[in-house]
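Peer 1: Sharing a structure below in structure tokens format, with a few things to ask.
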Amino acid sequence: MIANLELVIDICLLAFLIMIVFASIKITDLFAVTMLFGIFSFVSALLFLDLDAVDVAFTEAAVGAGFTTVLMLSALRLTTRFENVKHRHSLLGLPIVILTGAALLYGVADFPNMGDANAPIHHHLAPDFIRLTQQKIDIPNIVTAVLASFRGYDTFGETVVIFSAGAAVLMLLGMGHVERKQEPEKNLILWVVVKPMIALILIFGLYVQFHGDFGAGGGFQAGVIFASGFILYSLVFGETYARKVIPATILPRLSALGVLIYGVTGLMSLISNKPFLDYNALSSNPVGGQHLGILLVEAGVGLAVFSTILLIYYSFSGREVIHYE
Amino acid sequence: MNLMTHLPVLIVVVPLLSAALCVLFNNRKSAWLITLLASFFCFYASINLIQIVQEVDVIIYSVGGWEAPLGIELRIDALNALMLLVLSGSAVLVSIYALKSVEKEIPVQNQVLFYTALLLVKAGLIGICVTGDAFNIFVFLEISSISTYALISLGHDRRALHASYQYLIMGTIGATFILIGIGFMYVMTGTLNIQDLSQRLPVVADTSAIRAAFAFLTIGVGIKAAMLPLHQWLPNAYAYSPSVVSTFLAATATKVAIYVLIRFQLSLFGIEFSLLQMPFNKILMILGTIGILGGSVSAIYQSNVKRMLAYSSVAQIGYILLAIGLASEPGFTAALLHIFNHALMKGTLFMALGLIAFRFASTELSVMSGIGKTMPLTMAAFLIGGLSLIGVPGTAGFISKWYLVTALLDASLWPLALVILIASVLTLIYIGRVIEVAYFQPAPEGITQQKVPKSMLVALWIFALSNIYFGLYSDISLGISSLAVNQLMGVTP
Amino acid sequence: MNEILGHFNYGIVILLMMMGLYIVIASSNLIKKLIGISVFQVSVFILYITFGKITGGNPPIIVDNVDVYSNPLPHVLILTAIVVGVATTSVGLALIVRIREAYGSTDEDDINDIDKNDNFYLKNRSTT
Amino acid sequence: MIIIGWLSDVCLLLGGFLVLTGAVGLLRLPDFFTRLHAASVTETLGAVLLIIGIMLDTGLMLDTAKLILLICVMFIANPTITHGLCRAAAHGGIKPAMETKSPMQNSTPSDSKNIYENQIQTETGVSGKAPK
């Protein structure tokens, strides 16, 4: 019964996705397309939830529907809003697209059925992950265990990716100048409502950070949520004030610090001649070592993500609009 | 704590953490110093790793203490070791060279970030080479790519921005294709470890999913490697980026992509499947041949020397693909040798151009008239690099071309050997154009002897002399290459 | 019927990927291209997550009295891939902003025209 | 206990009905403001009723506390967001369609859209071309 319901929801959501993308092909107003993309991300987050990927759903909702949309709107402010329809190469795209689609369809034909418990991927590594997480790491969230311990090296790479994105955006746009920027006008309702909301958002961010071992969440999601609290503050009270709370100049350093926390946690195990990122070396009790390692590593990820996301937002919002005739 | 056992991971982690340190200190001089030290460390590590590999064949390092298919394993054999040597060697020279070049070309506020990004690119490329996990390749590919986009966009011409954007679009599509390919393999086997995959793939090799995975991986990597129909991003990206960046990218970036191609084709799918069962060897040979000719001919028509060399890179990648397409032992040896030697010659040529850009702020052919007299040392190095590119005996380029031609004749493909010969003549033409302008045209009025920083000249000349050294004493490069080929052919079932 | 339902997700996801790729290639607006790439990437994410699903399975968070968990590994991979995706998008957007400031347009065709003019100008200058 | 079950059912049904009306309103109503009105009803009351229904159905546990918090957030955030949107729309120059025409006299939503687009062009002089 529940499985059938899952399938029905799955089909409905996929139909939504198709409609949204079809609409965004048609529409030339980039503002609308951006909003549609936000909805697309959000619906796909729901789909992830339906497919049991709670952590992924959380991340996609925070990043895809939240941050990316904000970023695209900031970029639209600095560029043009409408697409030039005359410059469309509809025919050029079709052969490549059809070829790719055909190749994908050809490949997918031999796949095991969706949800088939006998498929090879459910038998080779997954049972080991589930078993070893219970035995050696002893935290409920298997995704966090795999993310931070089994494949901690990937996650280290991921942290560096976000750090390098921050460096790249900073190189391209700089930190921005707030002095000449027009501040948002006073709006009493927003002011009153947003203050408690920001407190709630920050508390929620901390909850997600430290509850990642037990439920969905972790450093990455927490970083995005924490940053979104500050972004909200900056949107409502003006960037001058926001930059007084957290100056843009310390953000790159915080981001680097996050990467360093992760890396140094990994290097600690080298002292007792264990491999990089072997948390067992962190404490006399291997399970305790794993807990400590995951906590430290998640803190590093959270710090790096929070500061990078906020930095990227500052870079975009602090840039002046140039008008062309 | 025994440092030696941890070298495989330290060679990646040290530059990554140094990048973070650069930002933390936020000081130009110390950023350069950190970059230099990290590069020297990597060079030291790679030489040690080569020595170890020659003794024990394969180094395996399980990150996090989790054994291979569960955790991520770093796996270094002779092929990786060769790539590490190319990468870290060029990184050292580029770091020495960077000090003055960056001061001149990059705005002050971006210099620290420039070194950071340079370190990240290097760490990403090294990370791709040492890892033994298919998904990990994707992660490190993105680390290096994102920093590369930013670095290219720092060129002083506005076209650098557009080139960088085009590269971003193409590169992201390529990376996503790789992701699709990895996913297809994963769904059929349930593992991501390359060694584990290579054992589990033969069972399911005869399914459409694996064939599609093969196609997507090849196209994805092909975009990154600038395989001929997918090369559009490369000329602009190389031509408009800052000199340091174009030198480093030309010497390393596409080679790493080709390394990934070899790794996927040979270690993962096996020669049987990838080169013979799929008629991929023929496709590679055709693409390679078109690449050699197309790249060389396009190079002749360029008025910007940097762009000319970028097209020449497309042609050189054609040589490597052609050699891989032979699917024979001499072919692979030639391919690996050419990866190594091409890094030497392109490094020399782009570095020399960087020096010219340092003085004249342009690399158009027209500014180079009479430069042989005003910048004799730079031009002499350029000449050595050019001769090596043509394949004159006594230079590194000759060795790899020689091996390629013998490999072709072994397979009795003499028309293709003829193509190589024609391409050498084409190379002679476009390098000859530069030489003619530089040595046989008078310098414009008022331009006298040009001074260039010593550190840049030293780096350039080390590169140039290594062309001659590895042309005369090819034991080292040849030894590692043939060891790598033996391992590759032996490992594959 | 079972076969069709079992591959339904894959089919739709492939359609989504094709549409995303179509936006990238057909549109000449830089921002829209980037949105197309994001759509393409998210579709690949859905593909991965579909692999990991077990019918009747539970989210991979250990709870008492539950035995069947969906496969956690694709979730981990996609978490990483989402981060990579947002990193690329932000760098791409920053590039677009700079391109618009330098060229005055966010339309690829316009920019190509301007580039051609630049090249022409450079060549002429070099011959004179 | 049975009463709680009934209550839960009633809440769920009522919530579902409100969400449905909201959706219909979003499609059928003539201009931005009325549509927003329909949407905000859906969000605030419909969703909250649904959550209450779920809460009654599952019984008392830790998740109940989270759901209560969620209701609080929705009650605060949703009206504010609606307010913000309306304000932005009024600022951007969208006029309610009701002022000039009755909704029954073939006023199409595209009217308001056109007003909006013209407004943007004249106000900021954006160089992009508005679709015709």
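Peer 1: Hey, does segment B:4-16 have a residue that's out of contact with any strand residue (DSSP E or B) (no Cβ under 9 Å at 6 or more places or on another chain) and over 17 Å from B:Val130 (Cα atoms)?
Peer 2: No, segment B:4-16 has no match at all.
Peer 1: OK, next. Under the condition of being open to solvent by 60 Å² or more (accessible area, probe 1.4 Å) and within 21 Å of B:Thr252 (Cα to Cα), which residue from segment B:469-493 is modelled with the lowest pLDDT?
Peer 2: Result: B:Ile476.
Peer 1: Would you check if B:Gly64 is touching an Asp or Glu at 6+ places or on another chain (Cβ under 7 Å) and assigned to a helix (DSSP H, G or I)?
Peer 2: yes
Peer 1: Sticking with this structure for a sec: Can you tell me which residues in segment A:76-112 are farther than 22 Å from C:Ile35 by Cβ and of a type in the set (D, E, K, R)?
Peer 2: Of everything in segment A:76-112, just one residue is farther than 22 Å from C:Ile35 by Cβ and of a type in the set (D, E, K, R), namely A:Asp110.
Peer 1: Please enumerate the residues belonging to segment C:63-94 that are farther than 20 Å from B:Val187 by Cβ and touching a residue at least 24 places away in the same chain (Cβ under 8 Å).
Peer 2: Passing the criteria: C:Gly85, C:Thr88, C:Thr89, C:Gly92, C:Leu93.
Peer 1: Collect the residues in segment B:82-108 that are over 14 Å from the mean Cα position of the chain (by Cα), more than 14 Å from every other protein chain (Cβ to nearest Cβ) and over 15 Å from B:Pro15 (Cβ atoms), keeping them in residue-number order.
Peer 2: Correct list: B:Leu93, B:Ile96, B:Tyr97, B:Leu99, B:Lys100, B:Ser101, B:Glu103, B:Lys104.
Peer 1: Confirm whether A:Ser90 is more than 10 Å from chain B (Cβ to nearest Cβ) and over 29 Å from the mean Cα position of the chain (by Cα).
Peer 2: Working: more than 10 Å from chain B (Cβ to nearest Cβ): yes; over 29 Å from the mean Cα position of the chain (by Cα): yes.
Yes.
Peer 1: On to the next question. Please find, among A:Thr59, A:Thr28, A:Thr68, the residue that is out of contact with any Ser or Thr (no Cβ under 8 Å at 6 or more places or on another chain) and within 7 Å of chain C (Cβ to nearest Cβ). Walk me through how you get there before you give the answer.
Peer 2: Numbers: A:Thr28 fails: within 7 Å of chain C (Cβ to nearest Cβ); A:Thr68 fails: out of contact with any Ser or Thr (no Cβ under 8 Å at 6 or more places or on another chain).
One residue alone meets the criteria, A:Thr59.
Peer 1: To continue, here is another question. Quick test of your reading of the structure: D:Leu62 fulfils all but one of (1) open to solvent by less than 60 Å² (accessible area, probe 1.4 Å); (2) at pLDDT below 85. Name the failing condition by number.
Peer 2: All conditions pass for D:Leu62, except number (1).
Peer 1: Further, regarding this structure: Could you tell me which numbered condition C:Ser105 fails, if it satisfies all but one of (1) facing chain A (nearest Cβ under 7 Å); (2) at pLDDT below 90; (3) out of contact with any His (no Cβ under 7 Å at 6 or more places or on another chain); (4) open to solvent by 10 Å² or more (accessible area, probe 1.4 Å)?
Peer 2: With respect to (1) facing chain A (nearest Cβ under 7 Å); (2) at pLDDT below 90; (3) out of contact with any His (no Cβ under 7 Å at 6 or more places or on another chain); (4) open to solvent by 10 Å² or more (accessible area, probe 1.4 Å), C:Ser105 is out only on (1).
Peer 1: Taking the condition of being open to solvent by less than 10 Å² (accessible area, probe 1.4 Å) and within 23 Å of the chain's Cα centre (by Cα), how many residues in segment B:157-181 meet it? Let's see the steps before the verdict.
Peer 2: Filtering segment B:157-181 down to residues open to solvent by less than 10 Å² (accessible area, probe 1.4 Å) leaves B:160-165, B:168, B:171-172, B:174-176, B:178-181.
So of that shortlist, the ones also within 23 Å of the chain's Cα centre (by Cα) come out as B:160-165, B:168, B:171-172, B:174-176, B:178-179, B:181.
Selection size over segment B:157-181: 15.
Peer 1: So, restricting to helices (runs of 4 or more DSSP H) that lie completely within segment A:126-227, which ones have at least 3 residues that are more than 23 Å from A:Tyr314 (Cβ to Cβ) and within 13 Å of chain B (Cβ to nearest Cβ)? Steps first, answer last, please.
Peer 2: On the way: elements: A:126-132, A:142-145, A:152-173, A:188-211.
Those helices (runs of 4 or more DSSP H) span A:126-132, A:152-173.
Peer 1: Is there any pair linking a residue in segment A:105-117 that is more than 9 Å from chain B (Cβ to nearest Cβ) to one that is outside any loop (DSSP other than H, G, I, E, B) and polar (S, T, N, Q), with Cβ under 6 Å and at least six apart or on different chains, and which?
Peer 2: A:Met114/C:Asn9; A:Met114/C:Thr50
Peer 1: Please work out which one of (1) farther than 23 Å from A:Phe111 by Cα; (2) in contact with a strand residue (DSSP E or B) (Cβ under 6 Å, 6 or more places away or on another chain); (3) open to solvent by less than 10 Å² (accessible area, probe 1.4 Å) is the condition C:Ala87 fails and give its number.
Peer 2: For C:Ala87, the exception is condition (2).
Peer 1: Right, here's the next one. Being more than 27 Å from A:His323 (Cα to Cα), open to solvent by less than 60 Å² (accessible area, probe 1.4 Å), of a type in the set (A, V, I, L, M) and out of contact with any Gly (no Cβ under 7 Å at 6 or more places or on another chain) is true for just one of A:Val70, A:Val8, A:Val33, A:Val56. Which residue is that? Even if it seems obvious, please write down each step before you answer.
Peer 2: Values: A:Val70 fails: more than 27 Å from A:His323 (Cα to Cα); A:Val8 fails: open to solvent by less than 60 Å² (accessible area, probe 1.4 Å); A:Val33 fails: more than 27 Å from A:His323 (Cα to Cα).
Of A:Val70, A:Val8, A:Val33, A:Val56, the one residue that is more than 27 Å from A:His323 (Cα to Cα), open to solvent by less than 60 Å² (accessible area, probe 1.4 Å), of a type in the set (A, V, I, L, M) and out of contact with any Gly (no Cβ under 7 Å at 6 or more places or on another chain) is A:Val56.
Peer 1: Keeping to segment C:21-44, report how many residues are more than 7 Å from chain A (Cβ to nearest Cβ) and without any contact (Cβ under 8 Å) to a residue 60 or more places away in the chain. Before you say what the answer is, go through the steps one by one.
Peer 2: As a first pass, look at segment C:21-44 and keep what is more than 7 Å from chain A (Cβ to nearest Cβ): C:24, C:30, C:33-34, C:36-37, C:40-41, C:43-44.
Pick out the ones that are also without any contact (Cβ under 8 Å) to a residue 60 or more places away in the chain and you get C:24, C:36-37, C:40-41, C:43-44.
Total satisfying the criteria: 7.
Peer 1: Just to be sure, is A:Leu206 open to solvent by 50 Å² or more (accessible area, probe 1.4 Å) and either out of contact with any Leu (no Cβ under 6 Å at 6 or more places or on another chain) or outside the structural domain of A:Val161 (by TED's automatic domain parsing) (or both)? Before the answer, list the steps.
Peer 2: Values: open to solvent by 50 Å² or more (accessible area, probe 1.4 Å): yes; either out of contact with any Leu (no Cβ under 6 Å at 6 or more places or on another chain) or outside the structural domain of A:Val161 (by TED's automatic domain parsing) (or both): yes.
When the stated conditions are applied, A:Leu206 passes them.
Peer 1: Continuing with the same structure: May I ask you to list the residues in segment A:45-79 that are more than 23 Å from A:Gly302 (Cα to Cα) and either in contact with an Asp or Glu (Cβ under 6 Å, 6 or more places away or on another chain) or in the same structural domain as A:Ile225 (by TED's automatic domain parsing) (or both)?
Peer 2: Residue satisfying the conditions is A:Asp50 alone.
Peer 1: Something else: For segment A:265-276, indicate whether the set of residues that are farther than 16 Å from B:Val13 by Cβ and under 19 Å from the mean Cα position of the chain (by Cα) is non-empty.
Peer 2: The answer is no; no qualifying residue exists.
Peer 1: Same structure, new question: Considering only segment C:66-80, how many residues are more than 7 Å from chain A (Cβ to nearest Cβ), closer than 23 Å to A:Val8 by Cβ and in a helix (DSSP H, G or I)?
Peer 2: Qualifying residue count for the region: 1.
Peer 1: Starting from residues that are modelled with pLDDT under 90 and more than 26 Å from A:Ile11 (Cα to Cα), keep the ones in segment C:30-65 and report whichever is most open to solvent (accessible area, probe 1.4 Å).
Peer 2: Here the answer is C:Asn65.
Peer 1: Take C:Leu16 and decide whether it is closer than 23 Å to A:Val21 by Cβ, more than 7 Å from chain A (Cβ to nearest Cβ) and open to solvent by less than 10 Å² (accessible area, probe 1.4 Å).
Peer 2: Working: closer than 23 Å to A:Val21 by Cβ: yes; more than 7 Å from chain A (Cβ to nearest Cβ): no; open to solvent by less than 10 Å² (accessible area, probe 1.4 Å): yes.
Spelling it out, it is not the case that C:Leu16 is closer than 23 Å to A:Val21 by Cβ, more than 7 Å from chain A (Cβ to nearest Cβ) and open to solvent by less than 10 Å² (accessible area, probe 1.4 Å).
Peer 1: Please go through segment A:276-304 and pick out each residue that is surrounded by 24 or more Cβ atoms within 10 Å (Cβ to Cβ) and assigned to a loop (DSSP other than H, G, I, E, B).
Peer 2: A:Phe276, A:Leu277, A:Asp278
Peer 1: So, one more: Restricting segment B:1-24 to residues that are at pLDDT below 90 and of a type in the set (A, V, I, L, M, F, W, C), which is most open to solvent (accessible area, probe 1.4 Å)?
Peer 2: Once the filter is applied, the top-ranked residue is B:Met1.
The values are calculated or read from the model by the stated rules, or taken from the named source; none is laboratory data. Model, not experiment: these values are computed from the prediction. Because the Cβ atoms are built from the backbone with ideal geometry, glycine has one as well, and the counts that use them run over all protein chains shown. Side chains included, ligands, DNA and RNA excluded: accessible areas come from the protein's heavy atoms. Shrake-Rupley method; radii C 1.70, N 1.55, O 1.52, S 1.80 Å.
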